[in-house]
Every structure is written in structure tokens, then in C-alpha cells.
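Q: Structure below; questions to follow.
The values are calculated or read from the model by the stated rules, or taken from the named source; none is laboratory data. No experiment lies behind these values; they were computed from the predicted model shown. Every residue, glycine as well, gets a Cβ built from its backbone with ideal geometry; the counts of neighbours run over all protein chains shown.
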Amino acid sequence: MSTAAATATESDTTSRKPEIRIYNTLSKRKELFEPLRPPQVGIYLCGPTVYAESHIGHMVGPVIFDTIKRYLRYSGYDVTLVINITDVDDKLIAKSHQRGIPMSQIACEMTADYLANLKELGVNQIDYLPRATDHMPQIISFIEDLEKKGFAYAVDGDVFFDVARDPNYGQLSNRTPDAQQGEGGEAAGKKRSPGDFALWKSSKADQISWDSPWGPGRPGWHIECSAMSHQILGDTFDIHGGGLDLMFPHHENERAQSGCCHDAPMVKYWLHNGLMRAGEKGKVGGKSDREPSPDEAAAGKISRSKGAGGLADLIRTQTGERIRFFLLRTHYRSTIIYGEEILEEAGTSLETFYRFFDRFNEITSKVETTDHPGQLFYDLPTHTNRFDGDFDPAGDPLLTEIHAAREKFLAAMDDDFNSGAAISVLFDSIRSLNRHIDAHSLATGADPEQSEVKSLIKSATVIRELASVLGLFIKPPATAGGDDQDTAMLDQVVHLLIDLRKEARERKDYATGDAIRDRLTDLGIALLDKKEGTSWERS
RNA sequence: GGCGACGUGCCCGAGUGGUUAAGGGGGCUGAUUGCAAAUCAGUUUUUCAGCGGUUCGAAUCCGCUCGUCGCCUCCA
């Protein structure tokens, strides 16, 4: 949706309201989405701690919330999406000592890596990427406020949040203030209660530190998010997102800090995405009482400690769109099982779309008298508002089908952003269009019915509109394996062979024709003899 | 130990009380094709971990059992 199709916001468009329901972790049920200050919507997502390269699990949240923002915008809201960067914490400090370079340099490198990965996956809806180290004044004054109001206490240069003072503590994660945070950590001796958590940690002489009213130190993890979200989105904002693993203690603590400091609820809707898990290597029998193999024992949440990594490599071999599609196939609250084969399968199913787009382009390129001569799929216009995109099928059978599909797609997304169900509608639509092309012989080139071509173009436009809401099919797919430049040359060479094969087949020399095809197949190039001509793809 | 999630047909995955259980992948069959591929059609699919209960009716609600996983320490 980057190409702003200059949608003049019409008055009747903005007055129509979608009915979007979202699952709120706080209430544990789906609620009607009603922003606090419509049409404004504020979303805050907990981003990464940038101490190492990102892995695929880090992409789940950003892809989902990028999609959520796209959908809410499409539904008429004016959305601000914030993803923070934690660029100061113990791991970063340790790494900096180990490598003998400043913490900021590591943070800088890893942030660049993170952003590059996001870009590859089509995540481009982020409005603010606040860094903790850029918000020290806000963090410090936040802690001062809490101390002044009696929710925090300082001990020897450390400052802790007094959990007992917050009657709402534990509501989000359904935990009592007792028996949390283990034994209280290193600073247990200083805490009034083991559940109390650090707002400010005093630094040792050789550690990086910031000056504060409590002496040199650095902020606790949770307070960073409270301070930054407040700075950008205010006392109370609409949506706070993050992985399920952050619900406790991170989000519970953020909620306590912000709620107590501003005497207002921090967030209206808490959204938590499911975590990614490594798939089992072998099929586990279930009733077997044998010892679990090391592989099975390792199956679990994808994390760095379990060896996940190399996202940039994965993107290079799989393409960012494949990965985005793979993530969006599953509902955001479900666990996503990751495995090379499963990712590969998602990629295979994506090919159906790409082949259709090629087919579409070839048909429209031959048509001369439509309203959109030579219309390429990736150049089709796309509506930025769901109500503008509505249309009257006017009795046309294909358009009636596509109109119904569009309604189904919107209903799925309205129901807690069910992107998996929405994608299935896209598959259905592609089948409808292929059927239409076959039934009206649009691909054979023999003077296709103009009205049928028009219906095809209109329908394809709807598919492009819906897909772009998911951040899919925005631009032609990158070739897996990267390194283009040569791709154009390869294309020419393959077409040369296609022409030679065509000549051979025209004189019924099938042996030569098949030899060309077979040898190309061996090289990983598949020829597709369609009615509209022969094309090729990597296999 | 405390809190929580999940178990859907060969595989991946939608679906939370009521038309034939979405969609994708794979297998098979047919149409089409010189043969393939692609496309389309059909099939694999009365079945939702197991047992019991509620109900006119359950994959969906309740109970128990079995299994998997997460959080309670840093984690998206």
C-alpha cells in the first residue's frame, strides 16, 4: 500500500464503522474493538533486545502487528505503530565487555540487522522505533513520579517497584503477588517483597551508567517500555502487543508501573501472539515409554539457546514473502510450528498465486481494447479503505463470486484478525479466476470476450486489494537465491531454448523438444506449456 | 508445586452448539495435452486424542484419563 492511491477521504466513508472483534488477554475474551480516541489508534509492540542477530521467531510479532495496522488502516483508522528497541541490558553489557567495543556499537549493528530482516518480510508500517537509551530523562522522571506517589522505594542506589501497593497487580497474568519472580534475584536482600522488581539498577564502576537522583545506574527492563509508550502514545492507549512469553513478568510489570503512575489503565486491549516452536524431528508415537531422544527434548520454543538463527540466510534461500506468508497462514494466537519442510510447503502453495499473476499478465498484454490494456497484476490499483473497495457485481457471475469472497475475507479479518481463514479465501478466488479463464478461453488468445476480460481484471484488482492488506503480493517476488542482474540474462537464454524447442515441436520433432525440456528440468528450470505460450519457473 | 495453552482427516492448518468439517501440501482418478507441467473436476474425508456426561443436536460445553508445550530467571 505504499503507492498512495490518493484516496480522498469521503465523508460517507469515514462515517461507516467496521465491527472488528479482538481477543483481549486481560478479559480473556473477544471484545468489540472501540478505540479510545477514534479514528486514532495507538499500538505498542515490545521489540527485541539487540544483542545478537534476529531469528525467525523474532519476526512473528512484527509481521502480525504490521498486518494488524494495515487492516485497521484499511478499516478507516489512523494508526500509530510503535516498536521499541531495547539497547541497554545485562546481555548487551556482557557482550560489550567480551568484544571490547562499546555497547552502543553492538546495539547499532544488531538493530540494523533486525530492520533489514523486517524490510525483507514487508514490515514497513512502523511509525516509531524508540530506543531506550534515547529516553533516559523520561525513564528517570517516570521513576521519580512513582517514588513520589509511594509506589517505589530506593535502596542503596537501586529503586524497586512495591508490588503490594498495586491492588490490580496480577490481573493480566492471573498470578498472586506472592511466589513470583522466584527468589527475588540478586537483589533479593534489598526488596521488601520477592515480587518487587527493579526500576533502576545501580551500576558498578566499570559498567555503563547514567546519572540519576539515586546515583549512577541503568533502567530496569520493564520501565523502559512504560516510559517510551507513555512518551509516544500517552497515559492510556489502545493496543499493547507482544509474545505470550512476555505476559509475565514484563507486561504485568509495565501495567503496574504505568497504571499506578498515571492513575489510569495503561492499555485497553492486550494482544499476545503465540510462540514459534521447532517441529519434532520424528513422529512421536504417543504411548511409547521409551526415553525421549535429544532431538525431541530439544523440540520447544524457538530461541537462540536452542540454536535458532541465521535469519538472513533463511530469507536468502526462502524469500521474505514466503516467510511472511508462512507466518500469516496460522492464526496469530496459535503456536506456529517451524520446520524447513513446512516452510517449503508454504512456498509451494504460494507458487499458485505467482503462476496466476503470470497468466493474468499474459492475457491482459494481448488484449487491446479493454480499459486497461497491458495491465500487469502488480500495477493494479489498490484501495486503501475497505468501504471504497466495495463494488456492485451487477449480476456478473464471476464478480458475484468475488464479491462474496471479499465479504468472507473481511469477516475473517474482523474476527480477531483471522489471517489464515482470510488466506483460504484468496486461494478460493484464484480458483474462481482460473476457472473463468478456462471457461471463456481467455488464454487461447482467439479474440476473447471483452466483457469477460473486464471481469477478470476487476476480480484480480480485488485480489490485489485484499492481499495488500496482508502485506502480500505488493511487488513481484524476489527470486530465491538472490543475486539478480543475471536473472534477466538467464531469462533471455531460457527463452531462446523455448523458441528452439517450439520450432522442433512444430516439425513434430518431439525427441529434440523433450530433450531440451528434460535437460532444463535437470538444471532446475521447469517449462510450462500453457495455452498462451510457454513460460518457465525455477523448480 | 503454582498459572496457562494445546491435541482436527496421510501432513500443515481454519473452525467454539445446528446446511456436505474451510483452505493448502501430498497421493490417486478424470478432462485438457503429442507426452509432461500448469489449469479445471473428482477422490483420499462422517471424522475432530480416549472415555463418560449435558443437549433434540457437540470437533465445539462439562468431567476424567492420556499426550504435548509455555510461563513462574533473560526471551518476540
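Q: Select from the range A:215-246 the residues that are small (Gly, Ala, Ser) and crowded, with 24+ Cβ neighbours inside 10 Å and write down the one among them that is nearest to residue A:20 (Cα to Cα). Write out each step before concluding.
A: As a first pass, look at the range A:215-246 and keep what is small (Gly, Ala, Ser): A:215, A:217, A:220, A:226-227, A:229, A:234, A:241-243.
From the residues that got through so far, the ones that are crowded, with 24+ Cβ neighbours inside 10 Å too are A:226-227, A:229, A:241.
Values: A:226: 27, A:227: 29, A:229: 24, A:241: 17 Å.
My answer is A:241.
Q: In the set A:377, A:356, which member is out of contact with any Lys or Arg (no Cβ under 8 Å at 6 or more places or on another chain) and either away from RNA strand B (no atom under 15 Å from the Cβ) or under 18 Å from residue A:455 (Cβ atoms) (or both)?
A: Selected residue: A:356, the only one of A:377, A:356 that is out of contact with any Lys or Arg (no Cβ under 8 Å at 6 or more places or on another chain) and either away from RNA strand B (no atom under 15 Å from the Cβ) or under 18 Å from residue A:455 (Cβ atoms) (or both).
Q: Just to check your reading of the model, which residue among A:137, A:62 is at pLDDT 95 or above and within 16 Å of RNA strand B (Cβ to nearest atom)? Working first, answer last.
A: Working: A:137 fails: within 16 Å of RNA strand B (Cβ to nearest atom).
Sole residue among the options that is at pLDDT 95 or above and within 16 Å of RNA strand B (Cβ to nearest atom): A:62.
Q: Name the residue that is nearest to RNA strand B (Cβ to nearest atom), counting only residues in the range A:493-537 that are of a type in the set (Lys, Arg) and exposed (fewer than 13 other Cβ atoms within 10 Å of the Cβ).
A: Ranking the candidates gives A:508 first.
Q: Of all residues in the range A:442-452, which are outside any helix (DSSP H, G or I) and either touching a His at 6+ places or on another chain (Cβ under 8 Å) or charged (D, E, K, R) (or both)?
A: A:442, A:447, A:448, A:449 - these are the residues of the range A:442-452 that are outside any helix (DSSP H, G or I) and either touching a His at 6+ places or on another chain (Cβ under 8 Å) or charged (D, E, K, R) (or both).
Q: Under 6 Å between Cβ atoms, which residue pairs at least 6 apart in sequence (or on different chains) link something in the range A:156-178 that is part of a loop (DSSP other than H, G, I, E, B) with a partner that is surrounded by fewer than 16 Cβ atoms within 10 Å (Cβ to Cβ) and small (Gly, Ala, Ser)?
A: A:157/A:215
Q: Answer yes or no: is there a residue in the range A:312-322 that is assigned to a helix (DSSP H, G or I), at pLDDT below 60 and more than 9 Å from RNA strand B (Cβ to nearest atom).
A: The answer is no, given that none of the residues of the range A:312-322 is assigned to a helix (DSSP H, G or I), at pLDDT below 60 and more than 9 Å from RNA strand B (Cβ to nearest atom).
Q: Filter the range A:454-472 for residues that are under 23 Å from residue A:119 (Cβ atoms) and of a type outside the set (Gly, Ala, Ser); which is surrounded by the most Cβ atoms within 10 Å (Cβ to Cβ)?
A: Applying the filter and picking the extreme gives A:466.
Q: Separate question: So, in the range A:388-407, of the ones that are within 24 Å of the chain's Cα centre (by Cα) and in contact (Cβ under 8 Å) with a residue 12 or more places away in the chain, which residue ends up nearest to residue A:70 (Cα to Cα)?
A: A:389
Q: Would you be able to tell me the number of residues in the range A:396-441 that are assigned to a helix (DSSP H, G or I), near RNA strand B (Cβ under 10 Å from one of its atoms) and not hydroxyl-bearing (Ser, Thr, Tyr)?
A: 19
Q: Which residue pairs have Cβ atoms under 7 Å apart, sit 6 or more places apart or on different chains, and have a first residue in the range A:48-62 that is over 19 Å from residue A:339 (Cβ atoms) and acidic (Asp, Glu) and a second that is more than 8 Å from RNA strand B (Cβ to nearest atom) and not in a helix (DSSP H, G or I)?
A: Once the first residue is over 19 Å from residue A:339 (Cβ atoms) and acidic (Asp, Glu) and sits in the range A:48-62, its partners that are more than 8 Å from RNA strand B (Cβ to nearest atom) and not in a helix (DSSP H, G or I) give A:53/A:309.
Q: Then there's this: Here are A:439, A:443, A:412, A:422: which of them is out of contact with any helix residue (DSSP H, G or I) (no Cβ under 8 Å at 6 or more places or on another chain) and of a type in the set (Gly, Ala, Ser)?
A: Of A:439, A:443, A:412, A:422, the one residue that is out of contact with any helix residue (DSSP H, G or I) (no Cβ under 8 Å at 6 or more places or on another chain) and of a type in the set (Gly, Ala, Ser) is A:439.
Q: Can you work out which of the residues in the range A:192-209 that are away from RNA strand B (no atom under 12 Å from the Cβ) and of a type in the set (Lys, Arg) is surrounded by the most Cβ atoms within 10 Å (Cβ to Cβ)?
A: This residue is A:192.
Q: From A:440, A:436, grab the single residue that is modelled with pLDDT of 85 or more, surrounded by 16 or more Cβ atoms within 10 Å (Cβ to Cβ) and within 30 Å of residue A:122 (Cβ to Cβ).
A: Values: A:440 fails: within 30 Å of residue A:122 (Cβ to Cβ).
After applying the criteria, what remains is A:436.
To keep it simple, each residue is scored yes or no on (1) under 35 Å from the mean Cα position of the chain (by Cα); (2) in a loop (DSSP other than H, G, I, E, B); (3) within 21 Å of residue A:229 (Cβ to Cβ).
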{"site": "A:93", "(1), (2), (3)": "yes, no, no"}
{"site": "A:96", "(1), (2), (3)": "yes, no, no"}
{"site": "A:101", "(1), (2), (3)": "yes, yes, no"}
{"site": "A:114", "(1), (2), (3)": "yes, no, yes"}
{"site": "A:150", "(1), (2), (3)": "no, yes, no"}
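Q: Which residue, of A:440, A:436, is touching a residue at least 12 places away in the same chain (Cβ under 8 Å), in contact with a Pro (Cβ under 7 Å, 6 or more places away or on another chain) and more than 29 Å from residue A:61 (Cα to Cα)?
A: The match here is A:440.
Q: Within the range A:489-539, which residues are of a type in the set (Gly, Ala, Ser) and either outside any strand (DSSP E or B) or in contact (Cβ under 8 Å) with a residue 60 or more places away in the chain (or both)?
A: If the condition is that a residue be of a type in the set (Gly, Ala, Ser) and either outside any strand (DSSP E or B) or in contact (Cβ under 8 Å) with a residue 60 or more places away in the chain (or both), then A:504, A:511, A:513, A:515, A:524, A:533, A:535, A:539 are the ones that fit.
Q: Check residue A:105 against each of (1) more than 24 Å from residue A:242 (Cβ to Cβ); (2) in contact (Cβ under 8 Å) with a residue 24 or more places away in the chain and name the one condition it does not meet.
A: Failing condition for residue A:105: (2).
Q: If you take the residues in the range A:35-59 that are of a type in the set (A, V, I, L, M) and assigned to a helix (DSSP H, G or I), which one is modelled with the lowest pLDDT?
A: This residue is A:56.
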